[in-house]
1. Below 8 Å, C-alpha to C-alpha, sequence gap of six or more: please give me the relative contact order for the chain in percent.
2. Which of the peptides 106-114, 558-566, 218-226, 146-154 is most tightly packed, and how do the rest follow, going by the mean number of other Cβ atoms within 10 Å of each residue?
3. How far is it, in nm, from the label point at Leu24 to the one at Trp391 when both lie 7 Å from their Cα along the line to the Cβ?
4. Give Lys169/Lys516; Lys549/Lys570; Lys494/Lys564; Lys203/Lys605; Lys364/Lys516 a once-over and call out the pairs whose C-alpha atoms are over 18 Å from each other.
5. Starting from segment 33-138, pick out the trypsin sites (Lys or Arg not before Pro) whose DSSP state is loop and whose Cβ has at most 11 other Cβ atoms within 10 Å.
6. Please identify which residues in segment 552-569 have an amide N closer than 17 Å to a label point set 7 Å out from the Cα of Ser495, following the Cα→Cβ vector.
7. Calculate the spin-label point distance for Ala600 paired with Val222, positioning each point 7 Å from the Cα along the beta-carbon direction, and give it in nanometres.
8. What are the residues whose amide H is under 5 Å from the amide H of Ile477, where those residues sit 5 or more places off or on another chain and H is modelled from the backbone?
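Please treat every number below as a calculation from the coordinates, not as lab data. Keep in mind that this is a model prediction, so the values were computed, not measured. Reconstructed Cβ throughout: ideal geometry from the backbone, glycine too, with neighbour counts over all protein chains shown.
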Amino acid sequence: MCGLTGFLQTRAGSSRDKLFSIGLQMSDTLRHRGPDDEGIWVDENIPVVLAFRRLSILDLTQAGHQPMVSPHRRFVAMLNGEIYNYQELRSKLTSLGHSFRSNSDTEVMLTCFEEWGVEESLKVFDGMFAIVVWDCELEALFLARDRFGEKPVYYGWSQDTFLFGSELKSIRAHPSFLGQIDRSALSAYVRYNSIPAPLSIYKDIRKLSAGTFVRVASDGDVKGPYQYWTAKQVIDSAQEGQFSGAVSEAVTQAEATLRRAVRSRMVSDVPLGAFLSGGIDSSLISALMQSESSRPIQTFTVGFNEAGYDEADNARAVARHLKTDHTEFFLTPQNVLDVIPRIPQMYDEPFSDSSQIPTYLIAKLARGHVTVALTGDGGDELFGGYNRYRWHGRLWKWMARTPWNVKSIGAKIMQSISPTILNKVASPIRSLLPPTVQYSMIGDKLHRLAELTESRHPEDLFVQITSTWGDPSEVVIGGDEGLGVNLSSMDSHKSFIEYMMYEDTMRYLPDDILTKVDRATMSASLESRAPFLSPEVLEFAWSLPLDLKIRNSQGKWILRQLLKKFLPAKLFDRPKQGFGVPLDGWLRGPLREWADSLLAVGRVKSQGYFNADLIAKVWTDHLSGRQNYQYHVWNILMFQAWLESEQARESSCPAQVAASKG
């Protein structure tokens, strides 16, 4: 794993030394992504600069140094990530007469460009990557992002300079950068907890979407983004040829497909291990890894002392059965307080998935032992694991056949009763509730249900299900979601459940889950790899009929059947538990002083971004226990913490101070 950055100027005249110095300044901000090596390539005649930080995984010698020049010197490229099928491509290229001097996938990538061109080569790469290529012949810059969006690429214009980088901090380091907050992006953030591609928190700076590339000519003409791959085409094709065999055949095919994905992601010249939560996905990946290894693999878990959140016992039991070399760490409120100051620098823009904290801590724990860790990311989206697929799938069926006036009246009655009273009513039935549901939150859930039943269309229901703040215009002053998220039509899917799974794969997975994992692991200089995010696994998952993914109120049913080959069912056959933290109580306790400071009414009003009175009411209601607004509050706190960091940066670099309010 690595970090890349650089720029292209439409104004000539800068000396090579000056260009090199700026490139070095930008790449230095990415040292955490690549602590092992750095490289800068400059063409002062254009001028264009490519700068790279390397975390050595394959070919640890200087033969893997980047930026790398192609054999015939037409292309100069940087690869952040891995191309898993590079050995297969290398064999094909060798048969075509090419030779290689290293064992680097970057060299194979460059040779592909020489043989087939950039766009055609992207179509054959199976990997996670951000790629930057300078074509010396065409005098054109290409930026590309992998199919699922595992690796990030930011880009955009600032004055007369086209900037790009793995993280925004590298772009901010360029002297021409002017960062103006984009209120459309801020509105999308308060809805989704993350800023969806193609937006970034800054105007004029964009994220490259998954499976796309852009081309920038030396005169500054930008073409694209162009889609070189889309999950929709794979899904449509898979559903046309839907699997119709026996369950045993499906299990056999699932094992073979996932085993190939795991095996390809275990190729490494450095130690590797796995994140193990004790859930279906991570347990299956760990089991397959262990079956592919001649010695105990290393597994890592973060636990909590709070009941209802801790899965450390489950993970420990799985590790013991698989005979892995297991390490665990228990998270405390003090750990959270210690990490919070790092979050703005870690993410560079507001991001408020609260599992960002344990994800960073497990990455830090793992980095003390290994350089690469495999994860179970993508299993929920591809195999129907999220609870909302089951519960909201049923909800939409009920809503579709219930008259609008009946739903509206029922919602109003429910909302007229305070959550506190509903909680008291629920108290006698706590023994009937699943262990992962806290009866004290039933009132909040029923109020949330009432809001959802007011949705008139399935697309509207999905947006509300996945929203933190249901109406960002009430929260963000002058906010307009603008580009926002372009959802597909429900009409193109067989069921509401499949619609949710598709949208989660296209948006939630890259914008939230993969963003969280990339920044958290890279902050610890750890490479993460996700076997579920293989095009072959995607195709297999969507070829299965829905009842092989969700059956008897259980998600990931087919994966459960496969996991039984490695573990007793009692070790994993339990309700799904997310990788969250106990924010509810922590915000009222050890995190309160920090939160009070950032949410002070005078402070929020003077900043001019949020409706201060609304924020104050939500915070007061949460503190009093009248309603659990933990995610609403955390969403605002993460922006406030980021803004505080941004203002500190501007005050320390007066020459770069931008108009920070949009």
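1. Values: 1212 pairs, mean separation 110.4, N = 662.
Normalised by residue count, the contact order of the chain is 17 percent.
2. Values: 106-114: 23.6, 558-566: 19.4, 218-226: 14.6, 146-154: 26.4.
By packing density, highest mean first, the sequence is 146-154, 106-114, 558-566, 218-226.
3. 5.6
4. Numbers: Lys169/Lys516 16 Å; Lys549/Lys570 20 Å; Lys494/Lys564 30 Å; Lys203/Lys605 22 Å; Lys364/Lys516 14 Å.
Checking Cα-Cα distances, Lys549/Lys570; Lys494/Lys564; Lys203/Lys605 exceed 18 Å.
5. On the way: sites: Arg33, Arg53, Arg54, Arg73, Arg74, Arg90, Lys92, Arg101, Lys123; in loops: Arg33, Arg73, Arg74, Arg101, Lys123.
Sites meeting the loop and neighbour criteria: Arg73, Arg101, Lys123.
6. It comes to 552-560, nothing else.
7. About 3.9 nm, to one decimal.
8. So Ile477 has HN proximity to Phe610, Asn611.
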